[in-house]
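For reference, the structure discussed in these notes is given below.
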Amino acid sequence: MIATLDDIVALYARHGHRSYGEGVSQLEHAVQCAMLAEAEGAPPSLVVAALLHDVGHLVEDGESAADARHEMVGAAILARVFGAAVVRPCALHVQAKRYLCATEPGYAAALSPASQRSLVLQGGAFDSAASVAFAQRPYAGEAIALRRFDDSGKRVDAGVGRRFADYLPMLSKVAAR
């Protein structure tokens, strides 16, 4: 069972090399997302959410044809260590994609092929009622920001930047709150 920050860090160490389906590994995607959040001046809780938002993929058993609801699996793991400012944007980042597909012209077409495929498994774009309901949820704005980091954090040519280990002090500080 994953119950501590050390367990989460160990999970990334063991499984972060897995393919993200976008030409980068899970670990590379996580770090790119966190770096994008930092570059935007996001608060530490959102940087941590960007780093860890796909933790649910790391506990999945290989590739699945059905949506394994990685966002909810991940949120359950993160809730053992972090507060709502980290957990809720992670739990809502798939819904944020569905919201943006429904409300932002051209968003769906700009998604990567893998994100377009997963969108189908995740239920597709929201209808207008679901869009309104999502926009009113606490942490919807943070989830949308996280979604944009997620969409952009897939660059094969990103090069060397920060490492996962560079975020350990921030993880510890945010977890302690």
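With unit charges on the beta carbon (Lys/Arg positive, Asp/Glu negative), name the residue among 47, 161, 83 whose Cα is farthest towards the positive pole of the charge dipole of region 5-176. After comparing all options, I get 83. Taking the dipole about the Cα centre of the chain, with the C-beta of Lys and Arg at +1 and of Asp and Glu at -1, give me whichever of 112, 139, 72 is farthest to the positive side. Farthest along the dipole direction, towards plus: 139. Considering helices alone, the calculated mean residue ellipticity of the chain at 222 nm is -18000 deg cm²/dmol, with DSSP H runs of length four and up weighted by -39500 (n - 2.57) and normalised per residue.
Is region 91-177 best put as rounded, prolate or oblate by its Cα gyration tensor, with a ≥ b ≥ c the root eigenvalues, rounded for a/c under 1.5, and otherwise prolate when a/b is larger than b/c, oblate when not? Cα axes put region 91-177 in the oblate bin. For region 17-49 versus region 102-177, the inter-centroid distance based on Cα atoms is 10 Å. To the nearest 0.05, how large is the calculated FRET efficiency for residue 165 and residue 121 if R₀ is 35 Å and r is the Cβ-Cβ distance? Efficiency for this residue pair is about 0.60.
What fraction of the Cα pairs in region 20-100, stated in percent, has a spacing above 20 angstrom? Within region 20-100, distances greater than 20 Å cover 30 percent of Cα pairs. Helix 26-39 and the long axis of the chain differ in direction by around 80°, with both axes built from C-alpha atoms.
Relative protection proxy for 25-37, 115-127, 44-56, from highest mean packing down: 44-56, 25-37, 115-127 (other beta-carbon atoms within 10 angstrom). The C-alpha atoms of the chain define a longest principal axis, and helix 84-103 lies at about 30 degrees to it. Given axes a ≥ b ≥ c from the Cα gyration tensor, I'd like to know whether region 19-64 is rounded (a/c under 1.5), prolate (a/b larger than b/c) or oblate. Here region 19-64 falls in the oblate category.
Both radii are taken from the alpha-carbon atoms of the chain; with Rh as the Kirkwood radius, Rg/Rh is 0.93.
Between 0 and 90 degrees, rounded to the nearest ten: what's the tilt of helix 5-15 against the longest Cα principal axis of the chain? It is inclined by approximately 70 degrees.
Under the convention that each Lys and Arg Cβ holds +1 and each Asp and Glu Cβ holds -1, the size of the dipole of the chain around its Cα centre is about 280 debye.
FYI, it's all coordinate maths here, none of it is from the lab. Predicted model only: the values in this text are computed from it and were never measured. So basically every Cβ, Gly included, is an ideal-geometry build from the backbone, and we count neighbours across all protein chains shown.
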